[in-house]
Amino acid sequence: MVIIAPLFAGLLMYAAFAPIALWWSAPVSLAILVYVLHEPRLSRRLTSVALFATAFFAPLLSWSNTYVGNVPWIILTLLQIVLVLPIGFIHLQRNRPWLLLLFPSGWLLTELVRTRFPFGGFGWGRAAFSQADAPYASLARLGGVPLLSFIVATLGVALYLLLTNHRGTSLIIVILISLPTLLLTTSTHSQKRDFTFVAVQGGVPQLGLEFNSRATAVFQNHLKATRTYLDKLKKMPDVILWPENAVDIDPFRTPIIGEQIQELADTYSTPIIFGAVLEKGDNFQNASILWRPKTGASSIYIKQHLTPFGEYIPLRAIAEFVSPYARDVRDFLPGDKVVLHHVGRATFAPLICFELLDDRIGREMARQSNAFVIQTNSATFGTSPESEQQLGISRIRSIEHDRFSVSISTSGVSALIDPNGKVTYRTGLNQSAVIDGSIELINSQTLSDRYGQQIELLLIFLPITFLLSIFLMRRRKGAKRV
């Protein structure tokens, strides 16, 4: 059981994410992990947690070896295992059931560390990101991703209690989660979708790391697909949306590219929001640009949270020794502020790919915007589950911030997502496609937008403080008896 139980639990956690996507397997997985943490020997608990994390992260992150070999995948998996390992220091005891309060907080603390360390963190695989179809997913509006992950872990505790004949306590936990869920079942807005858009997934000539070596072809794909579609329309949309890397040639340094974008905007009298790579000295910048008819570039957002080992190389000497591909990466420079795109009544928050994992950036953008455009590129991950897993994250972010989101990719899965996390339209992988839709512009802020970080810290430290006070009180009583 020392080996089988944690391995099975890890596989169940993996099954909660795409491509399997069984949301309920996440709390079942953590219920087994709670059982494992009752083992009295620390060495066995740490071994069990390592086995759990291996069975979870190794298949979950297998997309990271699509074109670069197994070494980066193995290193990334090992790093996640190490960061989850501290949960093995929690020793749950049957004669002290109140210690179960430690588990949800401990789980959330490991997620907090993973989202911030190292190199700005890598929060892929947070329990909340598997819960878009869960009946309690709407609770993300109250406390964001941290609260949702905390609830998954708490339900794991409740299931463990149920299976160990503590049905009353288990029922109380379920009721406490169900009551606010019933009040927040769906977004309460009018659903008046009167802002229109056309989002173009132009596709790439060939999947792989070299997709942007054919940058002109990628740009022409999006240009052609947009023109072909708009020529069929009687009424133009309010905005055209292109993905990250749709324009991988700096339109400000290559006049012919800028001229073609301007011609497109002028011909159809419609502004375009597109992802571009800008040159900054010897480096690059990953940008989201709003380009208007007649006047050209209006607003430029530079991606703030860059992808380590993808857009820049930390510890370059070591990275180049591990993988020869690191030598080919010219570092990108991050932006230092939020810039929004204003199109008529719409204020678009441009989240660029990896930034989906950053709670802080999402909250800051949500406070100032009324719609999300998620610009991403999955060409470097082929037809792996990466794009589907990212879509799950986008769905949770839409619920968390109570916003319509248009997720547009060069070649992955693109989708229109409503504030309840429901995908109302989606494309397939590695195809040229267009999403023609409309959204409601929502200006309200969720509780998570206002107090998300404070709620996260409260969920982590309040149970720990409570248990510490119980321990100190019992210790004082013991001292008085002596």
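For this structure, a couple of remarks:
- Hits in the range 232-255 - residues which are touching a helix residue (DSSP H, G or I) at 6+ places or on another chain (Cβ under 9 Å) and more than 24 Å from residue 379 (Cβ to Cβ): 233, 236, 237
- As a summary of the residue check, residue 383 satisfies the conditions (1) of a type outside the set (Asp, Glu); (2) in contact (Cβ under 8 Å) with a residue 12 or more places away in the chain; (3) buried (at least 18 other Cβ atoms within 10 Å of the Cβ) except for the one numbered (3).
- Where residue 22 falls short, out of the listed (1) in contact with a Lys or Arg (Cβ under 9 Å, 6 or more places away or on another chain); (2) farther than 30 Å from residue 321 by Cβ: (1)
- Here residue 424 meets the list (1) assigned to a strand (DSSP E or B); (2) buried (at least 20 other Cβ atoms within 10 Å of the Cβ) almost entirely, failing just condition (2).
- Matching residues in the range 99-146 - criterion: being assigned to a loop (DSSP other than H, G, I, E, B) and of a type in the set (Asp, Glu): 133
- Residues within the range 36-55 that are surrounded by fewer than 19 Cβ atoms within 10 Å (Cβ to Cβ) and more than 22 Å from residue 76 (Cα to Cα), tallied: 6
- Any chance residue 31 is in contact with a helix residue (DSSP H, G or I) (Cβ under 7 Å, 6 or more places away or on another chain) and in a helix (DSSP H, G or I): yes
- Any hit, the range 100-113, residues being surrounded by fewer than 18 Cβ atoms within 10 Å (Cβ to Cβ), more than 27 Å from residue 310 (Cβ to Cβ) and not aliphatic (A, V, I, L, M): no
Rundown of residues vs (1) within 19 Å of residue 361 (Cβ to Cβ); (2) free of Cβ contacts under 8 Å to residues at least 24 places away in the same chain, yes/no style:
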{"residue": "248", "(1), (2)": "no, no"}
{"residue": "252", "(1), (2)": "no, no"}
{"residue": "255", "(1), (2)": "no, yes"}
{"residue": "272", "(1), (2)": "no, no"}
{"residue": "306", "(1), (2)": "yes, no"}
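- Residue count for the range 413-448, restricted to those that are free of Cβ contacts under 8 Å to residues at least 40 places away in the same chain and either touching a strand residue (DSSP E or B) at 6+ places or on another chain (Cβ under 7 Å) or hydroxyl-bearing (Ser, Thr, Tyr) (or both): 7.
- Which listed residue is in a helix (DSSP H, G or I), among the aliphatic types (A, V, I, L, M) and touching a Pro at 6+ places or on another chain (Cβ under 6 Å), from 318, 257: 257
- Complete set of residues in the range 370-394 that are out of contact with any Pro (no Cβ under 7 Å at 6 or more places or on another chain) and under 20 Å from residue 422 (Cα atoms): 370, 371, 372, 374, 386, 387, 389, 390, 391, 392, 393, 394
- Single match in 298, 288 (criterion: under 30 Å from the mean Cα position of the chain (by Cα), surrounded by fewer than 18 Cβ atoms within 10 Å (Cβ to Cβ), touching a residue at least 24 places away in the same chain (Cβ under 8 Å) and within 18 Å of residue 375 (Cβ to Cβ)): 298
- No other residue among 315, 351 is outside the structural domain of residue 114 (by TED's automatic domain parsing) and within 26 Å of residue 397 (Cβ to Cβ) apart from 351.
- Residue in the range 152-174 that is assigned to a helix (DSSP H, G or I) and either within 18 Å of residue 395 (Cα to Cα) or under 16 Å from the mean Cα position of the chain (by Cα) (or both) present: yes
- Within the range 355-413, being acidic (Asp, Glu) and under 16 Å from residue 275 (Cβ atoms) holds for one residue alone: 355.
- Output for the range 330-380, where each listed residue is among the hydroxyl-bearing types (Ser, Thr, Tyr) and buried (at least 19 other Cβ atoms within 10 Å of the Cβ): 369, 376, 378, 380
The values are calculated or read from the model by the stated rules, or taken from the named source; none is laboratory data. The model shown is predicted, which means the values in this text are computed figures rather than measured ones. Cβ: placed from backbone, ideal geometry, glycine included. Neighbour counts: every protein chain shown.
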